[in-house]
Each structure stands twice: as structure tokens, then as C-alpha cells.
Amino acid sequence: LLDAMFVAEITGLSMSVADIIPPYVTGLVSPMISNAISDVIYAGFEMYEATVIKALPNLFQTTVRDILSKTISELTSTPADACLPIPESQLSSGFINFPDLLLASDQAIEVGGTGSSPYGSTISNAMKLIMEEGFAINPLDGTSGANDLLISPLTKSQSGIAGTLLFPGTLFDVKQELNIDEFVGNLVLRVSEVKVENLNSIGAPLNLLQPISAVTLNNTVGMGIGQNPLRGSMELLFEFTNDDVHLSNRMQITAEMPEIFIDAALLVSFSEILFMKFPLQYMSNMNCWLSLIPGIQSEGSSLTLSLEALDISPSNILLTFDCVSCSPEFEALSKFMKSSEAIEEVNTMLNQVLDFLSDEAGGELVQNQFDKMLINGHKDNDCPNNLSNIMMQDPQLPPTVFDPNMEVGASNIRCSGINVNDIRVTHNRVDNTLFEFGLAIDGLDIQCELDWSYSYWLFNGVGKTQLYTSNSSASTMIAFTSEDFNSNPPDNSLISQCDVSLSIDGIDFQGGLLADIADIILDGSMMDILEDMISALACQQMISLGTGVISDLLQNVDGLLSTYLEPTSTALQDAQNAENNLVVPPDVQLMDLFSQESSNSTLIQSALDIVDKLLGDLVPDSSNPTGEDLGINKLLRSFVLDENRSLILDAFDLPASISEGGISFGGKDMLMGTTIAITQMKIIGLDTFTVVDILNNVGNHTISNHLHWEYLTVELDMVVNINALDSTNAFISIDDLIESKEEIKVQFGVKDIDVDIYLMIAIEEYKLGNIELGALMNTTQAFN
């Protein structure tokens, strides 16, 4: 089908939200890490909420639209020979086997099918969707969705009134001279102004096109279901005149049937080959469908189109005669027909007539009409093409620290046994231009080893030493600035404060006699010196344990959003420009989607109307407290969402822009590395559509669609890994920092979402019209 697409592109896309649901984090085992991560996420939310809301329309109008358009383009760029029908070798008989065509394979075998699905599953899946969703029975009143989806629009197009067919003027007119013995005169019998009302009262039982044999379809339908009975009316003129008599009676005859049940079995033998080669452009031509059925055969041969069985069962019939202008005799008859006795007699008579028609369903009278239909169907001038001839177309600090009385050096510091009692994250929006983000580490215990050297009067030496700290602390404050956080993201960040309180409990010098001398001379001095040195180091490295990762994360978001804050054209403007600038070669004829002159356009419009009603109309839904919901919501719950009304995407289902190589974020500083991996995404609220206004005309090839959700919530299952870096260049090497791994769940969402989508669909008229039905039935080729 996509082979007929000249262009299929999203030319306009915008999204806006009224509010963002604050993020929420659960699942953390460690309260310290839980609080830290939760505060980081919420701080980001406070800084970026207004910016995200502002950036969303442009994000969708550019990046998201481009991604979707590229995907559509790749789908439509198929070879011209990709649209292949089901191979003839796969066909098993001369006629279409309806069980194989319309049923699942296990059901087909039970009623005469092969069970091998020779025609694929496209049509059977479509039939199941239509019957179970589109034509579903409303449990409140018993009526079917077929009324709104099919019957109402079809009848309204004929009469201007949904559910009504009008045949104005004279429908039947007989003028006959009579000469029977003494009964001589002129007879006029005329039927006019025929009206059938409340045809959109179809309901249970409803089972259409149900195969009961290889070539026989049973159809069961209830009509007059609900509050509106099926009603038919006509005006009847009866005149008889001669030299002595002049009778003229004009009557309005009305029949009402509160409920009527029809069961009809129809034998139809479609040629398999012709059915497969049936072009889409003739879908609305009944004669072309009839031409797929072999014509009149010799006497004794099997019938190819016949009414096998018919049962018409009205619950009650109310027949009334109202005189428009009648003779006295007919006036009296009209009054009599309204009596209970007459009504009972008429009901009996009409039921007998219906019984007769049911008995004669396969009789000669009905069969003759079918034969005439077949003859007309095989006339070349009735069917635009002879289907039998159709052919397939187309980091070191300086190593020496100076003391006024001595020269002491320390280098190659290596720390291990790091233990942190608590990490706290704070955030404060000072005003619209300043946001402060704080990180504090308490209860820091650490063991370090270093190379030392000293020179003091006559003494000097070198060696190694270990030092031990406990209950130390460190804190830093990062300041983010913006022109206005109400509309802009941060444009700068700096560390506005760094405080370190380091407490060394002891120093152990190593290196023999010189070490003992150093221990005596340097113990107190070295302790002060190392505390100052490591405190300075902490502001450069230890605090980076948090600030590096946090800055990376927030700055990444800033870079992502800033490109979407510049003003752009609207989605509608882009869509109109795209169609106006579409270049079409002279040998390509594009179909006007909304033209009334093309049979292909009529077919497309009918399909669009059905889709519009299937998705946008209210349908019965027992899962909704109100008993009904939009069709799209019910379809999503039936075919896309799980039993909890969620769409679950595992890591391998996520696009690379969200999870590349299983990693969604990676950041590092000189002490540690942090990775965040999304393992699963759950989307809740996809079935909260309140507005589905789709398939509207904004150009010859462009349709607009407006959607509104009540809310959308996203739950991310994530794994956060924090581990030491293996770096020989680091000033501090951490030998035994145990990897920290947390599995968390992050939930966030948006409320009152409006989405506008403009889709340009340029279809080549010739290619579409010559696509064969068999190619669409081939599941692997249907959308090529």
C-alpha cells in the first residue's frame, strides 16, 4: 500500500502541557543515597519546569517531528515490485474459501476451511477488530456501534438525515386497462414518497459475514433495537375509472416494527484469481464485485450466487392507513384498520407473508433477480474494466608544603577505606535568577598513605607514612544563575562555597631510625600540615564526588533544552508551507484526498470516516465508570496496554536517544564514575484521551489531527552504579572503594496535554487504483 505513497510526512507537530507532575523516587535501600538522589531530581525539576514547558512545542515541532518523518520515509521507500500478491501456487481452489479468508485458522477448519491461512491474516484481523470494537453491542440499550460507524453516515449522505433513506417522487407506477368480462376500466396503482426511518437501530443479535461453509456466509442482524422502531412509509394512489365509476384514493401507509430479527445465508462463489487481482479503484462498484462471480451456467450446474436461507421474525408489526383523499368506503376502511381486531388480523397476515418470503428464499423469483444482477455485473460497460484481463502494474598539588621553621614535603597520596556516614543535598530558589544547590558529606572516615620528606636544621630524611581520619565533614554550594528561571534554563554555574573539616586521629611514620626521628619531630606539625593540604585537596576532588556528577547531569539537560527555546513557525504554518512547496513531476498525478470526483478519493474518504468514528466516537465500555469511553481508549486497552492499563517498554525497546548501549547517563570525576541505566519504562495514561479530532482537511494532501490527554505518567526502573575509577593519573587512588549499586524507580508526568499533528499524504492516483486486493491480503506485503 505504501508503494503508492509519493510523500508521507509529518509536516507539523506541536505539544503543550498545562502542568508537570513533580518527580518521585522510590525503591532505594540506602536512606543516604535515596535522599541525595531524590533531592537532585527535585532540584532539577524546580530549575527546569518552566523551561521544559516552554521548550516542548519546539521539541516536538523539530526533533520529534524529524525522527517520525524519517521513520515514515524509510517505510515508504520501498521498491516498485515490493507490492506482490499471494502466489497463485498458494491458492488451493477455484473459489475464495470464506472460512480461510475471514476466520482464524483453528476456527476455519471447523466450517470447511483448510486452516492453512492461504490468504494471510489481514482481512480476518480487520473483521475481528470491526466486529468486536467497531460494531460492539452497547450493554445499556443493545444497539451496535455499526449505527454510528456505518449506517448513520451512509444514510445521512443519501437523505441528509441519519438513519433515514428517502426516495422522493414516484417509485412504482402502473397504469393498466382492464377488460375482464363486465369489469372494464382503467387502473392506476402508484407508490411514491417512500421513506425508511431508524435504520440506525441495528443491535443484538449481530453477526455479519460469518462463514458456515466454504462459500456460504450467514448474516444475523436485529433492527428496531432500542428506543426507535424501524419504520417504513409510502404514499399509495389507487384509482379505478370507467364510464360509471370514478374511484380515487390516496393513502399514507406506515409500518412500524419495534424489533425485527433477520437471519440470511448467502452463497457467494468469488473467483480466487479475480479476487486477488481486484483493483482498489473499483471497491465501491457493485458490478465489479459481481463480475468476480461466475455468470449464468448451464442447467444443472452449481449456483454461484444464491439466497440459501432467510428468516424474518418481527416481534410486532403496526400497520396504519391514513387517508389523504379517499372515497367514503376507503375512509371507513382506514378507520377500521385502526381497530384492535384489524391490527391483530393484519399482523397475522403480514407474518404469513414474511413466512412465505422466507420459504421462497431460494426459489425461482429470488434467483432470477440474482441472475439479472450477475448479468449486469459481467457487462463491460457497467464495470470499468474487464477484470479477467487485469494485469499487475506497478589531578597533583605541588609536592612540597613550606613551614616557617621547616621544610616538609608530601606527595603521592593514596587513600583507601573510605566510609561516608551521610550525604545531604539541599536546594533553594533564592529568586528568579539564582538557584543554590548544596552538597554536604558528614562522618567521613578515610585511611591514606603518602611519601614524606623533611629538612629541619641538621636533620633530613624521606619515607612513607599512614594517616587516619574520622568524623570529618565537607560541604559545597553550587550557584546556578539564569536570566529568569520562569522562562529560561541556567546559563552559568560556579562553586560559591567550600568548607572542609578534616580530623586526623593519628600518623604512622615508616622508614627506620629516620622515621622514628621524624615521628618525634614532625608528629604534631605534620598533622596540621596534612590536614590543611588534604582539606584543600578535598575542595578540588572530594567534593567533586557529588558536584561533578550533578553538574554534568544538570548541564546536559541545559544543553538539550536551550536549542528548543528560540521562536519558530507554528505547526500549521510549517504544514501549509510543506504542501505549497511540494514538487511534483509532470508525469505524476496526485490524488486530492477530499475530491468528490475520484473513485479512489471516495474510497479514501470512506476509510477516513470509519477510522474517525472508530477512534473519536463514544462507544460502550464496561471498564469505564460511566459505561462508555472514546473508541481509541477502548482500543488501546484491548490491543496495546496491559491489564493495568500500562504500556511497558523494556530496555531493548527504547530508542538510542534514551538508552544507548543500556546506559542513559554517564558522568565521572577524579574519584568515581556514575552510570544510570534504564531497564524498563512504563507509560500510564495513554488511554485518557478526552478529545480525538482527527482527519480534518487543511489542504489537498494534508490532514490535521488534534488530541488531548488528561495526563501521561512515566515510570522508569533504573540502576544507578557508583564506582571507583581505575586511573593511574589520579592524585588520589582509591583501591578498595566498594561499588554502590541501587535499583530505583523514578515517576514523573504531565497533565492536560494537547498535541497537534499535521500529516501530508500525497498518493499517486494511478498506483493506488491499480493495487490489487491480493497484495493487501499478503500480510508481509500489505504495507509495502
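The values are calculated or read from the model by the stated rules, or taken from the named source; none is laboratory data. A quick note: this is a predicted structure, and the numbers were derived from the prediction, not measured. Heads up, the Cβs are rebuilt from the backbone with ideal geometry, glycines too, and the neighbour counts pull from every protein chain shown. Side chains are part of the model used for accessible areas, which takes the heavy atoms of the whole protein and leaves out ligands, DNA and RNA. Shrake-Rupley method; radii C 1.70, N 1.55, O 1.52, S 1.80 Å.
The listed peptides 229-239, 95-105, ordered by packing as a protection proxy, come out as 95-105, 229-239 (highest mean of other Cβ atoms within 10 Å first). Counting Lys and Arg as +1 and Asp and Glu as -1 over every other residue whose Cβ lies under 11 Å from the Cβ of residue 590, the net charge comes to -3.
Rounded to the nearest 0.05, what FRET efficiency do residue 424 and residue 156 have when you use their Cβ-Cβ distance and R0 = 45 Å? Calculated transfer efficiency: 0.10. Computed over protein heavy atoms with a 1.4 Å probe, the accessible surface of region 146-254 works out to 54 Å² per residue. Counting only other residues whose beta carbon sits under 14 Å from that of residue 536, what net charge do I get with K and R as +1, D and E as -1? Net of charged neighbours comes to -4.
For the peptides 350-356, 153-159, 765-771, residues were scored by their other Cβ atoms within 10 Å and the scores averaged per peptide; the highest-first order is 765-771, 153-159, 350-356.
Placing pseudo-labels 7 Å out from each Cα toward the beta carbon at residue 247 and residue 179 gives an inter-label distance of 2.2 nm.
In terms of accessible area, using a 1.4 Å probe and ignoring ligands and nucleic acids, 246, 427, 701 rank largest first as 246, 427, 701. What does the charge add up to near residue 477, with Lys and Arg as +1, Asp and Glu as -1, over the other residues with Cβ less than 11 Å from its Cβ? The answer is -2. Residue ranking by accessible heavy-atom surface, 1.4 Å probe, largest first, among 495, 202 comes out as 495, 202.
Taking GluC sites (Glu not before Pro) across region 133-210, the ones in a DSSP loop with at most 15 further Cβ atoms lying within 10 angstrom of their Cβ are 182. At an R0 of 25 angstrom, the distance between the Cβ atoms of residue 368 and residue 240 translates into a FRET efficiency of 0.25. Set the Förster radius R0 to 41 Å, insert the Cβ-Cβ distance between residue 323 and residue 588 as r into 1/(1 + (r/R0)^6), and round the FRET efficiency to 0.05. Plugging the Cβ-Cβ distance into 1/(1 + (r/R0)^6) gives 0.05.
Accessible surface of residue 140, taken over heavy atoms with a 1.4 Å probe and every protein chain present, rounds to 140 Å².
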